[in-house]
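Have a look at the structure below before the remarks.
The values are calculated or read from the model by the stated rules, or taken from the named source; none is laboratory data. Here the structure is a predicted model, which means the values were calculated and not measured. All Cβ positions, even for glycine, are placed from backbone atoms using ideal geometry, and neighbour counts span all protein chains on display. Calculation scope for accessible area: heavy atoms of the full protein, side chains included, ligands and nucleic acids excluded. Shrake-Rupley method; radii C 1.70, N 1.55, O 1.52, S 1.80 Å.
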Amino acid sequence: MAAAATIAALSSASGLLAMLSEPHPALKLHALGNLNSLMHLFWPEISTSVPTMSVKTCSSPPSLRPSRLYPFSGESLYEDEEFEQRQLAALVASKVFYYLGELNDSLSYALGAGALFDVSEDSDYAHTLLAKAIEEYASFKSKPSSLNEEAAKIDPRLEAIVERMLDKCILDEKYQQAMGMAVECRRLDKLEEPIMHSDNHSGALSYCINLSHSFVNQREYRSEV
């Protein structure tokens, strides 16, 4: 009730944004936590402070690196190694870029958010970025490593998101979804697990075979499946 009343009383995020420039870490943490909760209401206003929250340099693959449409000046909260909530700053920046329609940037910062990016969150933001993450991961995995060294250098943070999603599907007993994702992402090491967890092993195997014949175009990979 108190939190709802606080949100209802706010007509602007300017006060919270001002706290991001305060020297005390507790004030920055308070601001980031509330900005994260209020993003859907004030994202146009919050977007003006993306340079304060986001990353100037990035170790993500080229397709996921920030487009640098924004003037990244000054030391960001994410880059400040002494700031304990760098991941929260990355999550807030990720959501801003999502609302701006910059999905590459949004996913790049979601990778920086680590475990704070919740694969079980039931929101358009999470669903969209998970689909983007799977698409990027599958694209990297489908490239012959002998021809493209970048294919062999998948960002471990991207891989961690995919693995967390696979684990969630199995935990939620969504075995067919897990099998489809494992095949799409060329993670055959993760394909056996949903089959073994299924109550109907023969049915799961049949689904997997049909999946490979329907959606796997490369003959060699189909044989591996």
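The condition of being over 27 Å from Glu173 (Cβ atoms) and acidic (Asp, Glu) holds for only one of Glu135, Glu84, that being Glu84.
Here is the figure for the stretch 26-42: residues that are surrounded by fewer than 18 Cβ atoms within 10 Å (Cβ to Cβ) and over 18 Å from Ala113 (Cα atoms) total 4.
How many residues does the stretch 151-184 hold that are outside any helix (DSSP H, G or I) and over 20 Å from Ser106 (Cβ atoms)? Walk me through it before giving the result.
Taking the stretch 151-184 and keeping what is outside any helix (DSSP H, G or I), we get 153-155, 172-174.
Restricting the remaining residues to those that are over 20 Å from Ser106 (Cβ atoms) gives 153, 172-174.
Looking only at that region, the number is 4.
All told, Glu192 falls short of being modelled with pLDDT of 90 or more, open to solvent by 20 Å² or more (accessible area, probe 1.4 Å) and either over 15 Å from the mean Cα position of the chain (by Cα) or not hydrophobic (A, V, I, L, M, F, W, C) (or both). Taking the listed residues Val55, Val50, the one that is β-branched (Val, Ile, Thr), modelled with pLDDT under 65 and surrounded by 14 or more Cβ atoms within 10 Å (Cβ to Cβ) is Val55, with no other qualifying. Is it the case that Ser206 is modelled with pLDDT of 85 or more and loosely packed, with under 14 Cβ neighbours inside 10 Å? So Ser206 passes the test.
Just one of the numbered conditions (1) surrounded by 15 or more Cβ atoms within 10 Å (Cβ to Cβ); (2) within 26 Å of Ala138 (Cβ to Cβ); (3) at pLDDT below 90 is not true of Pro62: (1).
Okay, residues lined up against (1) of a type outside the set (A, V, I, L, M); (2) at pLDDT 90 or above; (3) open to solvent by 10 Å² or more (accessible area, probe 1.4 Å):
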position: Phe83; (1), (2), (3): yes, no, yes
position: Arg86; (1), (2), (3): yes, no, yes
position: Lys95; (1), (2), (3): yes, yes, yes
position: Ile134; (1), (2), (3): no, yes, yes
position: Ser145; (1), (2), (3): yes, no, yes
position: Glu150; (1), (2), (3): yes, no, yes
position: Glu159; (1), (2), (3): yes, yes, yes
position: Ala178; (1), (2), (3): no, yes, no
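Screening Ser214 on (1) within 19 Å of the chain's Cα centre (by Cα); (2) modelled with pLDDT under 85 shows it passes everything except condition (1).
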